[in-house]
1. Can you give the net charge of the other residues whose Cβ lies under 15 Å from the Cβ of S135, counting K and R as +1 and D and E as -1?
2. At a Förster radius of 25 Å, what calculated FRET efficiency corresponds to the Cβ-Cβ distance of D129 and A89, to the nearest 0.05?
3. Are any of the pairs K75/K152; K61/K144; K2/K152; K61/K116 more than 22 Å apart by Cα-Cα distance, and if so, which?
4. Need one word for region 72-157: rounded, prolate or oblate. Basis is the Cα gyration tensor (sqrt eigenvalues a ≥ b ≥ c); a/c below 1.5 gives rounded, then a/b vs b/c decides.
5. Normalised by the number of residues in region 16-83, what is the relative contact order in percent for Cα pairs under 8 Å and 6+ residues apart?
6. Quick one: if you stick a label point 7 Å off each Cα along the C-beta vector at D35 and K61, how many nm between them?
7. Here are some values of volume of the Cα convex hull per residue in Å³: (i) 109; (ii) 216; (iii) 127. Which one was computed from this structure?
8. Taking the number of other C-beta atoms within 10 Å as the exposure measure, put I54, I38 in order starting with the fewest.
Amino acid sequence: MKGIIFDLDGVLCSTDEYHYLAWKRLADGLGIRFDRAINNRLRGVSRMESLEIILENYHGKPLTDVEKAELAEQKNTVYRESLAKMSPADLGVEIRATLDELRRRGYRLAIGSSSKNTPFILERLGLADFFDAVSDGNNITRSKPDPEVFLKAAEFLGLPPGECMVVEDAVSGAQAGHAGGFTVACVGDASRAGVGDYNLTALPELLKIL
């Protein structure tokens, strides 16, 4: 391995609750049933695709594409208000130490995230200039489990997929990594599902397998 590509939310930081509360507020306003089980389906999925999943339980008048775009932007506004409260303290000490050690060992590091808010989150965490490459929702057209976001990250690093490891917490993300020809290390839900080449209990375990 020469490069490590990290998903952001759920791997390096946790904004799941911010997402949930923002989507919940939107769904409640539309009279749509929305719970944490539905929210779990949104992990690794783009904003507009997430909205379509939520609208599966919508029984009002048909919405136009413009109205859907406005709803997605309303959710994002609420979500970014929560993100603005983040700081470098939200990056765990062990997470930062792991990243620093990987950098010290000479690995090229990248982000592969479906979120369009990736630059803002990295800035809030104090990681704006840390990674060698960032591939996110701003430069992809297909969400995970499509491997596009990881393939672009590897391209930005100047490395073939076979020389990169993807680190994911979502099953759809692990599927994307495998589809792109990457070695996949999993944490969180994906690790518990046993879908990675390596299934870790915590991110620092990366240092033992690399």
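Coordinate-derived values only; no laboratory data. What you see is a predicted model, and the numbers here were worked out from it, not measured in a lab. Neighbour counts are summed over all protein chains in view; Cβ atoms, including those assigned to glycine, are modelled from backbone coordinates with ideal geometry.
1. Working: positive: R108, K116, R142, K144, K152; negative: D7, D9, D132, D136, D146, E148, E155, E168.
Summing Lys and Arg as +1 and Asp and Glu as -1 gives -3.
2. Details: r = 19 Å, r/R0 = 0.74.
The value I calculate is 0.85.
3. On the way: K75/K152 27 Å; K61/K144 30 Å; K2/K152 16 Å; K61/K116 29 Å.
Listed pairs above 22 Å: K75/K152; K61/K144; K61/K116.
4. On the way: a/c = 2.56, a/b = 1.11, b/c = 2.29.
In terms of gyration-tensor shape, oblate.
5. Working: 38 pairs, mean separation 29.9, N = 68.
Across region 16-83, relative contact order equals 44 percent.
6. Simple spin-label model gives 3.1 nm for this pair.
7. Of the labelled values, this structure produces (i).
8. I38, I54
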